[in-house]
Amino acid sequence: LYPASYRGLKYAEHVGGLVPSVLQLVLFGVPFLLLLATPDAPVSPASLAMGVVSLAVANLLCWLLLFPVHCVAFWAEGVWTLVLAVRFVGDLLGGVMIPLGAFPAWTRPWHEALPFRHLYAEPVETLLGRRDPAAWAGDLAAALGWCVALSLLGQVLFTVGRRRYAGPGI
């Protein structure tokens with residue numbers, strides 16, 4: 001393993017891959033959001049600032065959702081399908097494929113309990129000015145709680161994986 005923190009290096013690599021997307025968002029997304037401002041979606045500097053924080057936490061959460069799956073590669077072959085499954089579930093339950101409001105009412109408690117809504121739906125609603133600061137702070141705390149839990153799970157799997165390393169993973 002590296003002489004530096006493996007997790008730190010992998011997260012830095014992940015963030016580095018996002019630089020072109022962030023530049024596109026700043027150059028094209030922010031002016032577009034300001035043009036979309038309506039009475040029901042009052043985009044403001046405060047909503048943009050809260051949205052940027054939400055996006056940063058969503059980015060960390062996305063990486064932490066995938067890190068435990070990547071740790072399985074220490075002892076299992078072909079974890080690529082697991083990575084795709086996690087991404088698919090994240091996109092589906094995060095509001096990318098279907099807006100969360102289109103799901104049946106009985107699924108709402110699941111959306112509230114699981115981390116996926118923090119990936120896409122909440123940052124977008126925050127950027128559009130549809131979240132008040134109190135609700136945003138509560139959602140941010142929940143997302144950070146998921147980050148802590150997934151970080152601990154990733155650390156356990158990383159430690160177990162180092163001990164059981166067999167070399168077959170991708």
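The values are calculated or read from the model by the stated rules, or taken from the named source; none is laboratory data. Note that the structure is predicted; figures quoted are calculated from it, not measured. Cβ coordinates were reconstructed from backbone atoms using ideal geometry, including for glycine residues, and neighbour counts include every protein chain displayed. Calculation scope for accessible area: heavy atoms of the full protein, side chains included, ligands and nucleic acids excluded. Shrake-Rupley method; radii C 1.70, N 1.55, O 1.52, S 1.80 Å.
Just a few scattered comments:
- Contacts under 7 angstrom Cβ, first residue in the stretch 77-93 being among the charged types (D, E, K, R), partner crowded, with 16+ Cβ neighbours inside 10 Å, 6 or more apart: GLU77/GLY169
- Any hit, the stretch 131-139, residues being part of a helix (DSSP H, G or I), of a type in the set (D, E, K, R) and open to solvent by 80 Å² or more (accessible area, probe 1.4 Å): no
- Test: residue in the stretch 119-141 that is touching a residue at least 60 places away in the same chain (Cβ under 8 Å) and touching a His at 6+ places or on another chain (Cβ under 6 Å): no
- ALA113 vs. criteria within 30 Å of LEU48 (Cα to Cα), aliphatic (A, V, I, L, M) and buried (at least 17 other Cβ atoms within 10 Å of the Cβ): no
- Subset tally (residues that are within 14 Å of the chain's Cα centre (by Cα) and either in a loop (DSSP other than H, G, I, E, B) or of a type in the set (Ser, Thr, Tyr) (or both)) for the stretch 60-103: 2
- Test: residue in the stretch 76-91 that is open to solvent by 60 Å² or more (accessible area, probe 1.4 Å), in contact with a Lys or Arg (Cβ under 7 Å, 6 or more places away or on another chain) and modelled with pLDDT under 80: no
- Selection within the stretch 74-91 - among the aliphatic types (A, V, I, L, M) and in contact with a helix residue (DSSP H, G or I) (Cβ under 8 Å, 6 or more places away or on another chain): VAL79, LEU82, VAL83, VAL86, VAL89
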